[in-house]
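Below: the structure, in structure tokens.
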Amino acid sequence: TYNNHKPVQFMFEDALRADAKKTIDKFKKSGIEVAILSGDRHQTVKDVADQLQIKNWQANCSPQDKLKAVKQHQAAGKTVFVIGDGSNDAPALAAADISMSPGSASDVSQLSADLIFQSQSLFAAYRVWQVSKLSRKLIKQNIGLAIGYNAIAVPIAIFGFATPFIAAIAMSTSSMIVTLNALRLRLKEKSL
């Protein structure tokens, strides 16, 4: 008390992003291990982890603790995806295999991250992961198509079984098939 008056106490709490639970659930359903490494105090991090049903969490983390955790997971052969917005996240963001920061993050976090998402939606992280997975699949398909085409077309051309006109048509057709296959990314991306 001060002069027989009780001091006023204010309690502030950050609200979770509206789509945080949905995003975490999507990652977990996809087989992704989700963890929280935070510099916040124990009870705050525990409350957030409980709300999001995240079992693997750690509070009172220093930037070095976060960096150490990233390197330990990488040493275990895991691909590490870090999302962070504070300057204390910068070392982990820089060391991660892929990292994202929101546009509202500190400058050092944005400079350390691979990607910056401008929306306030955390679901952007899940969309990026899905699009990158699909991109990788389409790249492999296109490489397979190109190898298959060349395995067939080159011997035919070498032995003179195709005229230059037929070879040009076949090459153009092959290029169109690869391009159309790559365009499937746009169609599937909209459904995410």
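What the table below lists for this structure:
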item: Residue that is in the same structural domain as SER30 (by TED's automatic domain parsing), among the hydrophobic types (A, V, I, L, M, F, W, C), in contact with a helix residue (DSSP H, G or I) (Cβ under 9 Å, 6 or more places away or on another chain) and at pLDDT below 90, where the choices are ALA157, ALA96, ALA105; result: ALA105
item: Residue count, region 151-191 (criterion: free of Cβ contacts under 8 Å to residues at least 40 places away in the same chain, assigned to a helix (DSSP H, G or I) and not β-branched (Val, Ile, Thr)); result: 19
item: Criterion (in the same structural domain as ILE116 (by TED's automatic domain parsing) and touching a Cys at 6+ places or on another chain (Cβ under 7 Å)) met by exactly one of SER38, SER87, SER62, SER30; result: SER38
item: Qualifying residue in region 63-75 (condition: buried (at least 16 other Cβ atoms within 10 Å of the Cβ) and within 18 Å of ARG17 (Cβ to Cβ)); result: no
item: Selection from region 78-127 of residues that are more than 9 Å from the chain's Cα centre (by Cα) and among the basic types (Lys, Arg); result: LYS78
item: Residue in region 146-165 that is within 30 Å of GLY31 (Cβ to Cβ) and surrounded by 14 or more Cβ atoms within 10 Å (Cβ to Cβ) present; result: no
item: Residue within region 51-63 that is in a helix (DSSP H, G or I) and among the charged types (D, E, K, R) present; result: no
item: Unmet requirement for LYS133, which otherwise passes all of (1) in contact (Cβ under 8 Å) with a residue 12 or more places away in the chain; (2) exposed (fewer than 14 other Cβ atoms within 10 Å of the Cβ); (3) under 21 Å from LYS22 (Cα atoms); result: (1)
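The values are calculated or read from the model by the stated rules, or taken from the named source; none is laboratory data. Fair warning: this is a prediction, and the values are worked out from it, not measured in the lab. Note that we place each Cβ from the backbone using ideal geometry, even for glycine, and neighbour counts take in every protein chain shown.
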